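First comes the structure, then the notes that go with it.
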Amino acid sequence: MFQIEGLTAGYGQATILREVSLQAAPGEITVLMGRNGAGKTTLMKAIMGLVRAEAGQVRLDGTDLAALPPHQVPGHGVGYVPQGRRLFSELTVAQNIEIGLGAGPKEASKRRETRDEMLELFPRLGERMGQRAGTLSGGEQQMLATARALCLRPKLLLLDEPTEGLQPSMIEAIRQVMVQMRDRGLAVLLVEQRIDAVLELADRISVIEMGRNAEDFTKPEIAPGEARLRAHLGV
Amino acid sequence: MEFGPYLMLAMLEGAVLAAVLALMASGLSLVFGVMRVVNVAHGEFYMLGAVMAWVVTQFMMGLGGGPAVNFIAAAVLAPLIVGSIAAAADVVILKRLNYDPERVIVATIGLLYIIQQAALMGYGPDAKPVVAPFNERIALPWVAWGENGLEMYYPWGLSTTSYKLFVIVAAVVILAGLRLFMTRSRAGLVMRATQLDGEMATAFGIPVERVYAIVFGAGAALAALAGVLIVPIQQAHYLMGGDALLLSFIVVIIGGLGSLAGTVVAAVLIGMSDGIISVFFTPTLAKIIATLAVALVLVFRPQGLFGVKNR
């Protein structure tokens, strides 16, 4: 179980998140929504330890991630697909996957297995292993960013606007992967701006405004609460 | 001596300088490439390498070692010692400054003086030699048209030493090894990932600060190795880091900060031109031309010959 309790975090003197609480259960897709500048990406970074928490706890299966050095967070089972993909653009597809595997399973046989699994999940990457990541198409880059995060064999998968700027067929492919990961028992925490894209997909929606919790919707509350959700997002 | 043999001699001298410069500047470039900080104390790590080589060879001589054994011990120990000092300086100083580029420049200027003055106090103001492991004179042939067509002969004064050729070969081997390490090894991959995006590297379990300490140490070790290689040709002196640092900056600016390939190409260009111009004209003119080349690069191609714009 993944739980955030009373998280306050920010950059230097600027506090962005104030006492944010959230939870994501295994086998569920939790969607984090909010207007631009609400603090969604900062929350993702705070979970990864890339933005230091001033107060509060970030717990994954009992471990307080906020108390760990940032580089130890992925080792505890957190895979991160950041906004804008942020691949190691000068490295090849194979090398990006290798970096992902580095924080994943330690045994060579498990690593090979994970790598093969990723290439099965994203066969197109298999054809591009020697190509530099920066030269891939947007959709392929998103596939690689997702594969790189999944190489860790995470318990919690963080996806920050993974469908941004992608063509419909790619959006559907990424959606399928998210569903597949949820069905495998991963806790998926997804940042998404488009309501239509998440209405069916989400098991839980959490809205933040100005760095604070605004409203939470459980699965049965999502459809009836659509108007309120739109009001929160101003659409 | 005729022009041809004279030019060849100048090129050989230039190649020795280029080899040492390429090693030293690669360390500077590696540090900037991965950590995005400029290490102004880099020249002092070169000096410290040369001084340590003298210290180690003196110690080994006391144990009855011959020149070859002493030199091998110096080539292994001096870079290790200097690299460890640099890694410790990274942890104690640079990490606390959060690797802020401006503050690192100021801090490494301070480090420069600390190392220099420590060397003056511990080693003394005199230049001291280290015996080369081998130093046979090798006469070089030249060809010219004679009565019977093309004839080979040995012009008077056209010679080098086996040690100078060794320095060139050693630098090539070390730089090729560095290239292989960066492109083929897991540790090299981690360094390159850190160079490209430190935050994302952290998000994938890479201990970036540890990588920085290793890179800073490795950069200094490369400078120290250059110092060890040069000290049988040029004596170890506590002020020898200044000129070497200036030339290294010239090389990395022309080659492109952070580009290892660019650094090597620029080192060859600067080393060879320095050797040739120094032999035919004066060493001062060689430095003036190198500085002019930097100015031209900064005006017309600020990212350097091999650098990438707006990284």
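The values are calculated or read from the model by the stated rules, or taken from the named source; none is laboratory data. Because the structure is a prediction, the values reported are computed rather than measured. Because the Cβ atoms are built from the backbone with ideal geometry, glycine has one as well, and the counts that use them run over all protein chains shown. All accessible areas refer to the heavy atoms of the entire protein, side chains included, with ligands and DNA or RNA removed. Shrake-Rupley method; radii C 1.70, N 1.55, O 1.52, S 1.80 Å.
Taking amide hydrogens as placed 1.01 Å from N in the peptide plane, the amide H of A:E209 sits under 5 Å from those of A:A214, each at least 5 positions away in sequence or on another chain.
Roll a 1.4 Å probe over the protein chains and send me the accessible area per residue for the stretch B:181-231 in Å².
Ligands and nucleic acids excluded, the figure is 28 Å² per residue.
Counted without the sites themselves, the longest stretch of chain B free of GluC sites (Glu not before Pro) in a DSSP loop having at most 16 other beta carbon atoms within 10 Å is B:148-311.
Phi angles of the stretch B:116-133 translate, via the Karplus equation with coefficients 6.51, -1.76, 1.60 and θ = phi - 60°, into HN-Hα couplings of 4, 5, 5, 5, 4, 6, x, 9, x, x, 8, 7, 10, x, 10, 6, 5, x Hz per residue; Gly and Pro are given as x. Buried area at the B:A interface is about 1800 square angstrom, summed over both chains, from accessible surfaces computed with a 1.4 angstrom probe. The HN-Hα couplings worked out from phi for the stretch B:157-162 by the Karplus form 6.51 cos²θ - 1.76 cosθ + 1.60 (θ = phi - 60°) are x, 8, 8, 9, 10, 5 Hz, whole numbers, x standing for Gly and Pro. The fraction of accessible area contributed by carbon and sulfur in the stretch A:89-153 is 44 percent, rounded to a whole number (1.4 Å probe; ligands and nucleic acids excluded). Counting charges near A:Q57 (Lys, Arg +1; Asp, Glu -1) among other residues having Cβ under 11 Å from its Cβ returns a value of -1.
A simple rule links phi to the HN-Hα coupling: the Karplus curve 6.51 cos²θ - 1.76 cosθ + 1.60 with θ = phi - 60°, which for the stretch A:49-56 gives x, 7, 10, 6, 6, 7, 7, x Hz, with x for Gly and Pro.
Sorting A:T41, A:T135 by accessible area puts them as A:T135, A:T41; the probe is 1.4 Å, largest comes first, and only protein heavy atoms count.
Helix-only estimate, please: 222 nm mean residue ellipticity of the protein assembly as shown, summing -39500 (n - 2.57) across DSSP H runs of length 4 or more and dividing by its residues, to the nearest 500. Each step should come with its number before you reach the end.
Values: 20 runs with 299 residues, N = 546.
Mean residue ellipticity, 222 nm, calculated: -18000 deg cm²/dmol.
The trypsin sites (Lys or Arg not before Pro) of the stretch B:1-110 include none that meets both conditions, a loop assignment by DSSP and at most 10 other Cβ atoms within 10 Å of the site Cβ.
Three semi-axes describe the equivalent ellipsoid of the protein assembly as shown; taken as square roots of 5 times the Cα gyration tensor eigenvalues and ordered largest first, they are 57, 25, 20 Å. Beta bridges from DSSP with both residues in the protein assembly as shown: antiparallel share about 65 percent, rounded to the nearest 5.
Normalised per residue, the accessible area of chain A is 41 Å², obtained with a 1.4 Å probe and no contribution from ligands, DNA or RNA. Residues B:D274, A:D196, sorted by accessible area with the largest first, give A:D196, B:D274 [1.4 Å probe; ligands and nucleic acids excluded].
The residues of the stretch A:140-160 listed by number as losing at least 20 Å² of accessible area in the complex, against the isolated chain and with a 1.4 Å probe, are A:R148. Looking at the stretch A:171-235, which trypsin sites (Lys or Arg not before Pro) are DSSP coil and have at most 12 other C-beta atoms within 10 Å of their C-beta? Filter output for the stretch A:171-235: A:R184.
Ranked by solvent-accessible area (1.4 Å probe, protein heavy atoms only, all chains present), the residues B:I114, B:I253, A:I195 order from largest to smallest as B:I114, B:I253, A:I195.
The modelled label-to-label distance for the pair B:A68/B:T282, using points 7 Å beyond Cα in the direction of Cβ, is 4.4 nm.
Going from the isolated chain to the complete set of protein chains, the stretch B:188-233 loses at least 20 Å² of heavy-atom accessible area (1.4 Å probe) at B:L189, B:R192, B:A193, B:L196, B:D197, B:E199, B:M200, B:T202, B:A203, B:F204, B:G205, B:P207. Working from label points 7 Å from Cα in the Cα-to-Cβ sense, the A:E54 to B:S162 distance is 7.0 nm.
Looking at the square roots a ≥ b ≥ c of the eigenvalues of the Cα gyration tensor of the stretch B:1-105, which shape do they give, rounded for a/c under 1.5, prolate if a/b is larger than b/c, or oblate? Cα axes put the stretch B:1-105 in the oblate bin.
The Cβ shell under 14 Å around A:G34 holds other residues with a net charge of +1, Lys and Arg each +1, Asp and Glu each -1. Under 5 Å from the amide H of A:T8 lie the amide H atoms of A:E19, A:V20, A:E54, A:A55, A:G56, each residue being 5 or more positions distant or on a separate chain, with H modelled from the backbone and absent for Pro and chain starts. For the pair A:T8 and B:L296, label points projected 7 Å from Cα toward Cβ lie 6.0 nm apart. Among residues other than B:T160 with Cβ under 15 Å from its Cβ, the summed charge is 0 (Lys and Arg +1, Asp and Glu -1). The share of accessible area on chain B that comes from carbon and sulfur is 70 percent, using a 1.4 angstrom probe. For A:H71, the accessible surface of its heavy atoms amounts to roughly 50 Å² (probe 1.4 Å, protein chains only, rounded to the nearest 10). Pairs exceeding a 32 Å alpha-carbon distance, out of A:K45/B:K95; A:K106/A:K219; A:K110/A:K219; B:K164/B:K287; A:K110/B:K95; A:K106/B:K95: A:K106/A:K219; A:K110/A:K219; A:K110/B:K95. Is the stretch B:119-209 rounded, prolate or oblate when judged by the Cα gyration tensor, a ≥ b ≥ c being the square roots of its eigenvalues, rounded requiring a/c under 1.5 and prolate requiring a/b larger than b/c? Note, shape of the stretch B:119-209 comes out oblate. Less than 5 angstrom separates the built amide H of A:L32 from those of A:L190, A:V191, A:E192, A:S206, all sequence-distant by 5 or more or on a different chain.
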